[in-house]
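The values are calculated or read from the model by the stated rules, or taken from the named source; none is laboratory data. These numbers were taken from a predicted model, which means no experiment stands behind them. Every residue, glycine among them, receives a Cβ derived from its backbone with ideal geometry; neighbour counts consider all protein chains shown.
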Amino acid sequence: MIPLLAFAAPTSSSDLLYEMVNNITNLTTQNGGVLTHLGMVELSFIAMFVLIGMVVRWNTQSMTIGLHHHPVTIGDLMHFLVMLLICLTLETYWSTPLPGTSMGFNKVFPSISQSIVAALDQNSLKTLTDTFNTLIDNNPQPSALSVLEALIHSLIELVLGICTAVLFLLNCSSFILYAVSALFGPLFIPLLMTKNLKGKFYHFIDCLIGFAMIRAVAGAFIFVWSGFLNTFVTRTFHGDYSMEMWLANLVPFLCVFLAFILNILFVPQLTQAIFGGSAGLTAGAVAVGAKVAGAI
């Protein structure tokens, strides 16, 4: 199922799903350097005023009535130069690939998240996808005169459709929110030069980590649920997907898959609880999508 492809992990160089994930990541971050020029101007402006402040302190530290409690030392100058070098490096390589690599700083956290997904289990997505496909393909078509069978058939298709739709919305929201946030990286980097505003830069990084790790938490979610759902379907239907078997197991089927949907809705909050940041913002889009899918 295409909505699930963003959670795929690498299996081979020709893995289409894995390549599609990389394409989505590249599309959402390819214009990440659009504010780099403005960030460099901001960095120059802040660095100039920090340096002017150091000069003023240097020239007023010997006054009888001192304007500053701490005089300027060579360590202050070295700290200024080191922070300026760090900021220049971050600005230059925010979206431009680092020497010897294929990615800039704005793709570091998605790459870490992708590695976590691969480490969990590269086959969990395939297991979950096969389970959904099995249920959809073996959901018997109702006869034209049977209203009850038609309702059950539609209900099953609706529940499975909501499962895939919510996964799709969760994935898209995390990518888009990360990409939008990463755009402002060049504007937050110069704040490292200041004492009072550098906390905003660390908060920005915290938000990026939260959005990027939604995919990792979703991968862990799929890792746990894929095995459970596969075992549940196997032991419940035993290969018999007749309408009689569906009727006999309709209630447990609905309970299990509704629990699956409800758990998906809490993935952004779980990500925020584990990694911090603002990952919980994604829950709004996912919840709205689930309500729309349910209404349809």
Next item on the list: Would you please name the residue that is surrounded by the most Cβ atoms within 10 Å (Cβ to Cβ), looking only at residues in region 59-89 that are modelled with pLDDT under 75 and in a helix (DSSP H, G or I)?
Entry: T60
Notebook entry, point to check: Where in region 235-280 are there helices (runs of 4 or more DSSP H), lying wholly inside it, with at least 2 residues that are touching a residue at least 12 places away in the same chain (Cβ under 8 Å) and under 34 Å from the mean Cα position of the chain (by Cα)?
Noted result: 250-265, 267-275
Check: If you check every pair at least six apart or on different chains, which have Cβ atoms under 8 Å apart with a residue in region 91-109 that is in contact (Cβ under 8 Å) with a residue 40 or more places away in the chain and assigned to a loop (DSSP other than H, G, I, E, B) first and a residue that is of a type in the set (S, T, N, Q) and surrounded by 15 or more Cβ atoms within 10 Å (Cβ to Cβ) second?
Finding: W94/T36; W94/N106; S95/T29; S95/T36; S95/N106; G104/S95; G104/T96
Margin query: Can you pull out every residue in region 147-187 that is surrounded by fewer than 17 Cβ atoms within 10 Å (Cβ to Cβ) and under 11 Å from the mean Cα position of the chain (by Cα)?
Written below: I176
Next item on the list: Go through the residues of region 11-32 one by one and say whether even a single one is in contact with a helix residue (DSSP H, G or I) (Cβ under 7 Å, 6 or more places away or on another chain) and at pLDDT 65 or above.
Entry: yes
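Rundown of residues vs (1) closer than 27 Å to G219 by Cβ; (2) modelled with pLDDT of 80 or more; (3) of a type in the set (A, V, I, L, M); (4) loosely packed, with under 13 Cβ neighbours inside 10 Å, yes/no style:
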{"position": "F105", "(1), (2), (3), (4)": "yes, yes, no, no"}
{"position": "L120", "(1), (2), (3), (4)": "yes, no, yes, no"}
{"position": "L128", "(1), (2), (3), (4)": "yes, no, yes, no"}
{"position": "D137", "(1), (2), (3), (4)": "yes, no, no, yes"}
Next item on the list: Can you confirm whether region 219-234 contains a residue that is among the aliphatic types (A, V, I, L, M) and loosely packed, with under 15 Cβ neighbours inside 10 Å?
Entry: yes
Item checked: G219 vs. criteria out of contact with any Asp or Glu (no Cβ under 7 Å at 6 or more places or on another chain), of a type outside the set (K, R) and not in a helix (DSSP H, G or I) -> no
